[in-house]
Amino acid sequence: MKVVHSIHELRDQLRGQLRVAFVPTMGNLHAGHLALMKAARQHGDPVVASIFVNRLQFGPNEDFASYPRTLERDVQKLADNRDVYVVFAPNELELYPEPQKFRVEPPSDLGDILEGQYRPGFFEGVSTIVLKLFACVQPQVAIFGKKDYQQLMVVRNMCRQFQLPVEIIAHETVRAEDGLALSSRNVYLSDKDRLEAPKLYAELQRIQSRLHLGETAREQIEQETTQVLLERGWQPDYIAIRRQRDLCVPTLEEIISKEPLVVLAAAKLGSTRLIDNLEI
Ligand code: PAF
């Protein structure tokens, strides 16, 4: 496995390769990331992983400065797992040698809702860096986790609208045994909050059961779940039952006719903001 820090070295390593599979990350790798690397091997060869904490997708009051940067440990994990051929770990100057004035702005009906509403500029930052990384790596296929459901949709739509020759593969969310979705930010949870954290997924499962049992009162379900979480000490940003295809609010008829839905949640526990979702 090679670790490269410049676009020039990356291109040297990948010259002539016809089916590069790419997994972009911000590092602090956990079993969820490693599962994406393994899946990537089934879709292409060689596998390239990037590790880059992208300033552009953090809001002014977010955790860019304190985001866990663990490059040495990450590289060791990737080397041990033997799925990755090249790790691309550029520094900030390599990817942003000048202020990034050209940006990719997602359509507001997708980019300004849910996560976009609570993290203004987030999807612009994600789309811009993903496009830049695609330009650097030039992969044929890229793997994204479903945990960041809206991000996956934004990237898919960007590829479709710009006709980028990159196939986007979605990978199921990897969870701890108690159901908590693996995330680099879980390290921020106190011991007490770590015990409470799986409750978010448990509530999503409860919503799934209610819908499966034929309940159709979407807003009531969302509000009741919000209330449950509030009472347990969470600060929910949203609990939202949406259509899988475009994240729009489903009509009553669509809920009754079993339109594929997804329930998405974001909530703070202590100072840690967790997101999760469940397809229905
Ligand atoms: O999901 C992430 O880790 C990031 O948003 C990504 C896709 C690597 C872009 O910085």
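Nothing in this text is a laboratory measurement; each read-out follows from the coordinates by a stated rule. Quantities reported herein were computed from a predicted structural model and do not represent experimental measurements. FYI the Cβ positions are ideal-geometry reconstructions off the backbone, even for glycines, and counts take in every protein chain you see.
Descriptive notes on the structure:
- A Cβ-based charge dipole, computed about the Cα centre of the chain with Lys and Arg at +1 and Asp and Glu at -1, lands at about 640 debye.
- Relative compactness, region 1-79, computed as alpha-carbon Rg over 2.2 N^0.38 Å: 1.19
- Averaging 1/r across all pairs of distinct Cα atoms in region 229-280 and inverting the result yields a Kirkwood radius of 11.9 Å.
- Close amide H partners of Arg175, meaning residues 5 or more places away or on another chain with modelled amide H under 5 Å apart, are Leu182.
- Taking 16 Å as the cut-off, the amide N atoms of region 26-42 that come nearer than this to a point 7 Å along the Cα-to-beta-carbon line of Ala176 belong to 29-33.
- Put a dot 7 Å past the Cα of Glu62, heading toward its Cβ, do the same for Gln76, and the two dots end up 2.9 nm apart.
- Residue separation of Thr251 and Ser209 scaled by 0.36 nm, minus their Cα-Cα distance, works out to 13.2 nm of gained length.
- Dipole moment magnitude, nearest 20 debye, region 148-280 about Cα centre, only Lys, Arg, Asp, Glu C-beta charged: 240
- Dipole in debye (nearest 20) - region 86-195, about Cα centre, beta carbon charges: Lys, Arg +1; Asp, Glu -1: 100
- Between helix 71-81 and the chain: long-axis angle, C-alpha atoms, 0 to 90°, nearest 10: 90
- Lysine pair count for the chain with Cα-Cα distance under 27 Å and sequence separation of 8 or more or different chains is 24.
- Over the C-alpha atoms of region 93-226, the Rg to Rh ratio, Rh being the Kirkwood estimate, stands at 1.03.
- Farthest positive-ward along the chain dipole, Cα basis, beta-carbon charges - from Leu56, Leu252, Gly214: Leu56
- Springs join every pair of Cα atoms under 10 Å in this Gaussian network model of the chain, and among Val249, Val262, Val47 the largest mean-square fluctuation is at Val249.
- Stokes-Einstein translational diffusion, region 54-124 - Kirkwood Rh over all Cα pairs, 0.890 mPa s, 25 °C, in µm²/s: 166
- Taken one residue at a time, the phi angles of region 226-233 give Karplus couplings (6.51, -1.76, 1.60, θ = phi - 60°) of 4, 4, 4, 5, 4, 5, 8, x Hz. Gly and Pro are set to x.
- Hydrodynamic radius of region 118-161 per Kirkwood, over alpha carbon pairs, in Å: 11.0
- Computed [θ] at 222 nm, helices only, for the chain once each DSSP H run of length n ≥ 4 contributes -39500 (n - 2.57): -11500 deg cm²/dmol
- Using a Gaussian network model of the chain in which every pair of alpha carbons under 10 angstrom is joined by a spring, one finds that among Ala49, Ala79, Ala265 the greatest mean-square fluctuation is at Ala79.
- Globularity index of region 19-63, i.e. its alpha-carbon radius of gyration over 2.2 N^0.38 Å: 1.36
- Hydrodynamic analysis of the chain uses the Kirkwood radius over alpha carbon pairs. Inserted into Stokes-Einstein at 37 °C and 0.692 mPa s, it gives a translational diffusion coefficient of 166 µm²/s.
- Largest-first principal axis extents of the Cα set of region 147-205 (Å): 46, 24, 15
- Taken over region 187-280, the alpha-carbon convex hull comes to 85 cubic angstrom per residue.
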